[in-house]
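The values are calculated or read from the model by the stated rules, or taken from the named source; none is laboratory data. This one's a predicted model, so the numbers in the text were calculated from it and none came from an experiment. Neighbour counts run over all protein chains shown; Cβ positions are idealised from the backbone, glycine included.
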């Protein structure tokens, strides 16, 4: 499946600022960036660097007072692996790989220690398989309202659980917190989404089961075959689309993802009964 993705970010800068953008998809085992371009107005030098552990791509630049417009475009081929979800077992912490262990402990936006009692009460009796994160995603979908404007960048999983409202970012953080409370490693994924309406950056979470990462979307707003991964981290703090050091005002943001061919438009339509691995 091939997708054209694009984001355009326009800022006003009262004074000089440094930006670190995370909008460029990386090459992974399940996706390949075929073509891409990153343009700036005004034209400025950009330094790309990568997270050695997660593979995230970051672009850093310094901008003077005035305006800044970033326009990123890419064509990405994705190859998510879909399989029946029945019987995929959890992995005991005692045998987890060292690179997975950081995704088992609380983080800034996913305080698994604060939701532990509820997690075990709601999901502890379920089999120690993929059924737990599946039911977690469904519980969040059924018990948390998707309401734009009800949360902000500092909102955490515990805040979302208390208010029972949020957006995709908050749904993902709560899913991560519940999984970690049940000793299931979980991490945050930012992505372009083909059929998200209205178009925007999207957030889902992954759980580590039987030696692989599996995707879950508690919002139910995106289809499993229509995601293009941008960043992966402990929570959203690791993969903000724009990290700014200095004053800046975001004037406009446009995010799109479109299929390149009929094959891409015929991606899996539902998360039901599918285990999706794309890392």
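Within the span defined as segment 93-105, every residue fails to be closer than 30 Å to residue 249 by Cβ and surrounded by fewer than 16 Cβ atoms within 10 Å (Cβ to Cβ). Scanning segment 54-88 for residues that are modelled with pLDDT under 90, out of contact with any helix residue (DSSP H, G or I) (no Cβ under 9 Å at 6 or more places or on another chain) and not in a loop (DSSP other than H, G, I, E, B) returns 81, 83, 84. Based on this model, can you work out whether residue 44 counts as in a loop (DSSP other than H, G, I, E, B), surrounded by 12 or more Cβ atoms within 10 Å (Cβ to Cβ), free of Cβ contacts under 8 Å to residues at least 60 places away in the same chain and not assigned by TED's automatic domain parsing to the domain that holds residue 28? When the stated conditions are applied, residue 44 does not pass them.
Selection of segment 14-30 for residues being under 17 Å from residue 253 (Cβ atoms) and not in a strand (DSSP E or B) yields 22, 23, 24. In summary, residue 51 fulfils each of the numbered conditions (1) under 26 Å from residue 246 (Cβ atoms); (2) buried (at least 19 other Cβ atoms within 10 Å of the Cβ); (3) modelled with pLDDT under 95 with the single exception of condition (2). Does residue 37 qualify as being more than 22 Å from residue 230 (Cα to Cα), touching a residue at least 12 places away in the same chain (Cβ under 8 Å) and part of a strand (DSSP E or B)? Against the criterion (more than 22 Å from residue 230 (Cα to Cα), touching a residue at least 12 places away in the same chain (Cβ under 8 Å) and part of a strand (DSSP E or B)), residue 37 does not qualify.
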